[in-house]
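The values are calculated or read from the model by the stated rules, or taken from the named source; none is laboratory data. Keep in mind it's a predicted model, so treat the numbers as computed, not measured. All Cβ positions, glycine included, derive from the backbone under ideal geometry; neighbour counts span all protein chains shown. Surface areas here come from the heavy atoms of the whole protein model, side chains and all, with no ligands, DNA or RNA. Shrake-Rupley method; radii C 1.70, N 1.55, O 1.52, S 1.80 Å.
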Amino acid sequence: GEDVEQSLFLSVREGDSSVINCTYTDSSSTYLYWYKQEPGAGLQLLTYIFSNMDMKQDQRLTVLLNKKDKHLSLRIADTQTGDSAIYFCAESRTNAGKSTFGDGTTLTVKP
Amino acid sequence: GAVVSQHPSRVICKSGTSVKIECRSLDFQATTMFWYRQFPKQSLMLMATSNEGSKATYEQGVEKDKFLINHASLTLSTLTVTSAHPEDSSFYICSARDSGGRTEAFFGQGTRLTVV
(Lines give C-alpha, C1' and ligand atoms only; values in the text may rest on other atoms or scores of the structure.)
Protein backbone atom coordinates (compact mmCIF):
# COMPACT_ATOMS: atom_id res chain seq x y z
CA GLY A 1 0.00 0.00 0.00
CA GLU A 2 0.92 3.64 0.04
CA ASP A 3 3.60 4.76 2.44
CA VAL A 4 4.66 8.26 3.43
CA GLU A 5 7.75 8.88 5.54
CA GLN A 6 9.10 11.92 7.32
CA SER A 7 11.87 12.59 9.79
CA LEU A 8 10.38 12.94 13.25
CA PHE A 9 12.11 16.02 14.64
CA LEU A 10 13.63 19.27 13.46
CA SER A 11 15.01 22.08 15.58
CA VAL A 12 15.96 25.50 14.22
CA ARG A 13 16.70 28.96 15.54
CA GLU A 14 14.26 31.81 15.10
CA GLY A 15 14.92 33.62 11.84
CA ASP A 16 16.56 30.64 10.15
CA SER A 17 14.95 28.63 7.37
CA SER A 18 13.39 25.26 8.12
CA VAL A 19 13.29 22.43 5.62
CA ILE A 20 11.01 19.48 6.31
CA ASN A 21 11.39 16.48 4.04
CA CYS A 22 8.98 13.76 3.02
CA THR A 23 9.18 10.71 0.79
CA TYR A 24 6.33 8.68 -0.60
CA THR A 25 6.05 5.41 -2.45
CA ASP A 26 2.88 5.64 -4.52
CA SER A 27 3.79 6.68 -8.04
CA SER A 28 0.11 7.35 -8.66
CA SER A 29 0.07 10.13 -6.08
CA THR A 30 -1.43 13.12 -7.75
CA TYR A 31 -1.92 15.56 -4.91
CA LEU A 32 0.62 16.22 -2.18
CA TYR A 33 -0.23 18.26 0.89
CA TRP A 34 1.42 19.87 3.88
CA TYR A 35 -0.59 20.26 7.09
CA LYS A 36 0.25 21.93 10.39
CA GLN A 37 -1.04 20.66 13.71
CA GLU A 38 -0.67 22.61 16.93
CA PRO A 39 -1.06 20.83 20.29
CA GLY A 40 -4.58 19.56 20.89
CA ALA A 41 -5.87 20.98 17.62
CA GLY A 42 -6.99 19.70 14.27
CA LEU A 43 -5.05 19.96 11.05
CA GLN A 44 -4.57 23.18 9.15
CA LEU A 45 -3.83 22.87 5.45
CA LEU A 46 -0.77 24.95 4.68
CA THR A 47 -0.32 24.28 1.00
CA TYR A 48 -0.55 21.60 -1.63
CA ILE A 49 1.04 20.81 -4.96
CA PHE A 50 -0.04 18.82 -7.97
CA SER A 51 2.28 16.09 -9.16
CA ASN A 52 2.86 17.87 -12.48
CA MET A 53 4.47 20.80 -10.67
CA ASP A 54 8.05 21.11 -9.44
CA MET A 55 7.67 24.03 -7.10
CA LYS A 56 5.06 26.16 -5.43
CA GLN A 57 5.67 29.27 -3.38
CA ASP A 58 3.22 30.89 -1.01
CA GLN A 59 4.62 33.75 1.08
CA ARG A 60 7.14 32.17 3.50
CA LEU A 61 6.40 28.64 2.30
CA THR A 62 8.11 26.92 -0.61
CA VAL A 63 7.22 23.40 -1.67
CA LEU A 64 9.61 21.44 -3.87
CA LEU A 65 8.62 18.20 -5.54
CA ASN A 66 10.99 15.72 -7.12
CA LYS A 67 8.59 13.30 -8.73
CA LYS A 68 11.33 11.01 -10.00
CA ASP A 69 12.65 10.46 -6.48
CA LYS A 70 9.18 10.78 -4.89
CA HIS A 71 10.55 13.43 -2.58
CA LEU A 72 8.64 16.41 -1.25
CA SER A 73 9.97 19.22 0.90
CA LEU A 74 8.54 22.20 2.72
CA ARG A 75 10.76 25.20 3.31
CA ILE A 76 9.69 27.82 5.83
CA ALA A 77 11.63 31.04 5.47
CA ASP A 78 12.34 33.27 8.48
CA THR A 79 10.99 30.67 10.90
CA GLN A 80 9.18 32.11 13.91
CA THR A 81 8.38 30.63 17.31
CA GLY A 82 4.74 30.47 16.22
CA ASP A 83 5.77 27.99 13.56
CA SER A 84 6.54 25.41 16.25
CA ALA A 85 4.11 22.55 15.57
CA ILE A 86 3.87 19.13 13.98
CA TYR A 87 3.95 19.16 10.19
CA PHE A 88 2.36 16.33 8.23
CA CYS A 89 2.82 15.58 4.60
CA ALA A 90 0.06 13.64 2.89
CA GLU A 91 -0.69 12.27 -0.54
CA SER A 92 -3.77 11.24 -2.42
CA ARG A 93 -4.47 9.92 -5.87
CA THR A 94 -7.49 11.99 -6.64
CA ASN A 95 -9.07 15.13 -5.39
CA ALA A 96 -11.97 13.14 -4.03
CA GLY A 97 -10.09 10.34 -2.41
CA LYS A 98 -8.59 9.55 0.94
CA SER A 99 -5.19 10.79 1.98
CA THR A 100 -2.28 8.87 3.43
CA PHE A 101 -0.34 10.77 6.04
CA GLY A 102 3.26 10.64 7.16
CA ASP A 103 4.07 10.34 10.86
CA GLY A 104 4.63 14.05 11.21
CA THR A 105 7.73 16.16 11.86
CA THR A 106 7.86 18.05 15.13
CA LEU A 107 9.39 21.45 14.44
CA THR A 108 10.86 23.28 17.42
CA VAL A 109 11.87 26.88 16.96
CA LYS A 110 14.31 28.21 19.53
CA PRO A 111 14.53 31.95 20.24
CA GLY B 1 -12.93 30.08 3.57
CA ALA B 2 -14.09 26.57 4.22
CA VAL B 3 -14.92 25.64 7.78
CA VAL B 4 -15.46 22.22 9.23
CA SER B 5 -16.88 22.14 12.72
CA GLN B 6 -16.46 19.09 14.90
CA HIS B 7 -18.43 18.62 18.10
CA PRO B 8 -17.74 17.98 20.89
CA SER B 9 -14.11 18.99 21.16
CA ARG B 10 -13.68 16.94 24.31
CA VAL B 11 -15.75 14.17 25.83
CA ILE B 12 -15.30 11.85 28.76
CA CYS B 13 -17.55 8.84 28.96
CA LYS B 14 -17.90 5.73 31.04
CA SER B 15 -16.85 2.38 29.74
CA GLY B 16 -19.74 0.62 28.01
CA THR B 17 -21.56 3.75 26.91
CA SER B 18 -21.80 5.18 23.40
CA VAL B 19 -20.53 8.52 22.20
CA LYS B 20 -21.56 10.44 19.09
CA ILE B 21 -19.20 12.86 17.36
CA GLU B 22 -20.50 15.29 14.74
CA CYS B 23 -18.67 16.70 11.75
CA ARG B 24 -20.29 19.60 9.92
CA SER B 25 -19.23 21.53 6.87
CA LEU B 26 -20.44 25.03 7.59
CA ASP B 27 -20.10 26.87 4.30
CA PHE B 28 -19.86 24.15 1.68
CA GLN B 29 -21.41 20.85 0.77
CA ALA B 30 -19.46 17.67 1.27
CA THR B 31 -20.47 14.49 -0.51
CA THR B 32 -17.52 12.76 1.09
CA MET B 33 -16.15 13.04 4.59
CA PHE B 34 -13.32 11.10 6.19
CA TRP B 35 -12.86 9.96 9.75
CA TYR B 36 -9.36 9.62 11.17
CA ARG B 37 -8.00 8.47 14.48
CA GLN B 38 -4.78 9.81 15.92
CA PHE B 39 -2.89 8.24 18.80
CA PRO B 40 -0.56 10.41 20.91
CA LYS B 41 2.51 11.49 18.98
CA GLN B 42 1.44 9.43 15.99
CA SER B 43 0.06 10.03 12.55
CA LEU B 44 -3.52 10.01 11.43
CA MET B 45 -4.99 6.66 10.56
CA LEU B 46 -7.95 6.65 8.23
CA MET B 47 -10.85 4.77 9.75
CA ALA B 48 -13.55 5.17 7.15
CA THR B 49 -14.85 7.18 4.25
CA SER B 50 -18.31 8.57 4.78
CA ASN B 51 -20.50 8.98 1.70
CA GLU B 52 -23.68 11.01 1.74
CA GLY B 53 -26.73 8.84 1.29
CA SER B 54 -24.87 5.53 1.24
CA LYS B 55 -22.95 3.20 3.48
CA ALA B 56 -19.54 4.18 4.74
CA THR B 57 -16.43 2.44 3.46
CA TYR B 58 -14.31 1.15 6.32
CA GLU B 59 -10.58 0.56 6.27
CA GLN B 60 -9.22 -2.86 6.99
CA GLY B 61 -9.24 -3.68 10.67
CA VAL B 62 -11.84 -1.08 11.63
CA GLU B 63 -14.97 -2.61 13.17
CA LYS B 64 -17.97 -1.12 11.41
CA ASP B 65 -20.34 -2.29 14.14
CA LYS B 66 -18.30 -0.48 16.75
CA PHE B 67 -17.71 2.73 14.84
CA LEU B 68 -21.06 3.61 13.30
CA ILE B 69 -20.99 6.28 10.63
CA ASN B 70 -24.00 8.13 9.30
CA HIS B 71 -23.83 10.76 6.55
CA ALA B 72 -27.44 11.79 6.24
CA SER B 73 -26.96 15.18 4.62
CA LEU B 74 -24.43 17.03 2.51
CA THR B 75 -23.18 18.94 5.52
CA LEU B 76 -23.22 16.43 8.36
CA SER B 77 -21.52 13.15 9.15
CA THR B 78 -21.59 11.48 12.54
CA LEU B 79 -19.32 8.89 14.11
CA THR B 80 -20.74 6.90 17.01
CA VAL B 81 -18.35 4.91 19.15
CA THR B 82 -20.51 2.15 20.57
CA SER B 83 -19.85 0.33 23.84
CA ALA B 84 -16.73 2.38 24.37
CA HIS B 85 -13.71 0.93 26.13
CA PRO B 86 -10.61 2.63 27.49
CA GLU B 87 -8.63 1.51 24.44
CA ASP B 88 -10.97 3.61 22.29
CA SER B 89 -9.61 6.72 23.98
CA SER B 90 -8.02 8.76 21.23
CA PHE B 91 -8.18 11.93 19.16
CA TYR B 92 -10.73 11.61 16.37
CA ILE B 93 -10.56 14.02 13.42
CA CYS B 94 -12.88 14.38 10.48
CA SER B 95 -12.23 15.99 7.14
CA ALA B 96 -14.56 17.02 4.37
CA ARG B 97 -14.09 17.51 0.67
CA ASP B 98 -15.98 20.25 -1.08
CA SER B 99 -18.44 18.77 -3.58
CA GLY B 100 -17.82 21.86 -5.67
CA GLY B 101 -14.47 20.45 -6.70
CA ARG B 102 -11.82 22.13 -4.58
CA THR B 103 -8.80 19.90 -4.28
CA GLU B 104 -8.03 20.15 -0.63
CA ALA B 105 -9.81 18.50 2.27
CA PHE B 106 -10.71 20.66 5.23
CA PHE B 107 -10.28 19.31 8.72
CA GLY B 108 -12.30 19.72 11.86
CA GLN B 109 -10.61 20.67 15.09
CA GLY B 110 -10.77 17.13 16.43
CA THR B 111 -12.48 15.42 19.34
CA ARG B 112 -10.53 14.15 22.33
CA LEU B 113 -12.36 11.06 23.61
CA THR B 114 -11.46 9.68 27.02
CA VAL B 115 -13.16 6.50 28.17
CA VAL B 116 -12.92 5.87 31.90
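If the requirement is being out of contact with any His (no Cβ under 6 Å at 6 or more places or on another chain), under 22 Å from B:T49 (Cβ atoms) and not β-branched (V, I, T), which of these qualifies: A:R93, A:R75, A:R60?
Working: A:R75 fails: under 22 Å from B:T49 (Cβ atoms); A:R60 fails: under 22 Å from B:T49 (Cβ atoms).
Answer to the check: A:R93.
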Quickly run through the stretch B:67-116 and pick out the residues that are more than 13 Å from the chain's Cα centre (by Cα), in a strand (DSSP E or B) and of a type in the set (S, T, N, Q).
-> B:S73, B:T114
Considering only residues of the stretch A:47-58 that are at the interface with chain B (Cβ under 10 Å from one of its Cβ atoms) and open to solvent by 40 Å² or more (accessible area, probe 1.4 Å), which is farthest from A:I76 (Cα to Cα)?
-> A:F50
Those residues of the stretch A:85-111 which are part of a loop (DSSP other than H, G, I, E, B) and more than 14 Å from every other protein chain (Cβ to nearest Cβ), in sequence order = A:P111
Out of all the residues in the stretch B:91-106, is one or more away from every other protein chain (no Cβ under 11 Å), in contact (Cβ under 8 Å) with a residue 24 or more places away in the chain and β-branched (V, I, T)?
-> no
Note on A:G104: of the conditions (1) open to solvent by 60 Å² or more (accessible area, probe 1.4 Å); (2) at positive phi, unmet is (1)
Given (1) open to solvent by 20 Å² or more (accessible area, probe 1.4 Å); (2) of a type outside the set (S, T, N, Q); (3) more than 11 Å from chain A (Cβ to nearest Cβ); (4) assigned to a strand (DSSP E or B), where does B:G61 come up short, assuming only one miss?
-> (4)
For the stretch B:64-95, how many residues are closer than 14 Å to B:Q29 by Cβ and surrounded by 15 or more Cβ atoms within 10 Å (Cβ to Cβ)?
-> 5
Looking at the stretch B:1-48, which of its residues are open to solvent by 70 Å² or more (accessible area, probe 1.4 Å) and either touching a helix residue (DSSP H, G or I) at 6+ places or on another chain (Cβ under 8 Å) or among the hydroxyl-bearing types (S, T, Y) (or both)?
-> B:S18
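If you take just the strands (runs of 3 or more DSSP E) that sit entirely in the stretch B:8-54, which of them hold at least 3 residues that are facing chain A (nearest Cβ under 9 Å) and on the phi < 0 side of the Ramachandran plot?
Values: elements: B:10-13, B:19-25, B:32-38, B:44-51.
Once the strands (runs of 3 or more DSSP E) in the stretch B:8-54 are filtered for at least 3 residues that are facing chain A (nearest Cβ under 9 Å) and on the phi < 0 side of the Ramachandran plot, what remains is B:32-38, B:44-51.
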Does A:S28 fit the bill of being over 15 Å from the mean Cα position of the chain (by Cα) and surrounded by fewer than 17 Cβ atoms within 10 Å (Cβ to Cβ)?
-> yes
Determine whether A:E91 is open to solvent by 70 Å² or more (accessible area, probe 1.4 Å) and closer than 22 Å to B:L46 by Cβ.
-> no
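Could you name every one of the strands (runs of 3 or more DSSP E) located completely within the stretch A:1-46 that has at least 3 residues being farther than 24 Å from A:K67 by Cα?
Details: elements: A:4-6, A:9-13, A:18-24, A:31-37.
Once the strands (runs of 3 or more DSSP E) in the stretch A:1-46 are filtered for at least 3 residues that are farther than 24 Å from A:K67 by Cα, what remains is A:9-13.
When residues of the stretch A:74-84 are filtered for being open to solvent by less than 10 Å² (accessible area, probe 1.4 Å) and assigned to a strand (DSSP E or B), how many remain? Before you say what the answer is, go through the steps one by one.
First, the residues of the stretch A:74-84 that are open to solvent by less than 10 Å² (accessible area, probe 1.4 Å): A:74, A:76, A:79.
Adding the requirement that they be assigned to a strand (DSSP E or B) leaves A:74, A:76.
Residues that pass the stated criteria total 2.
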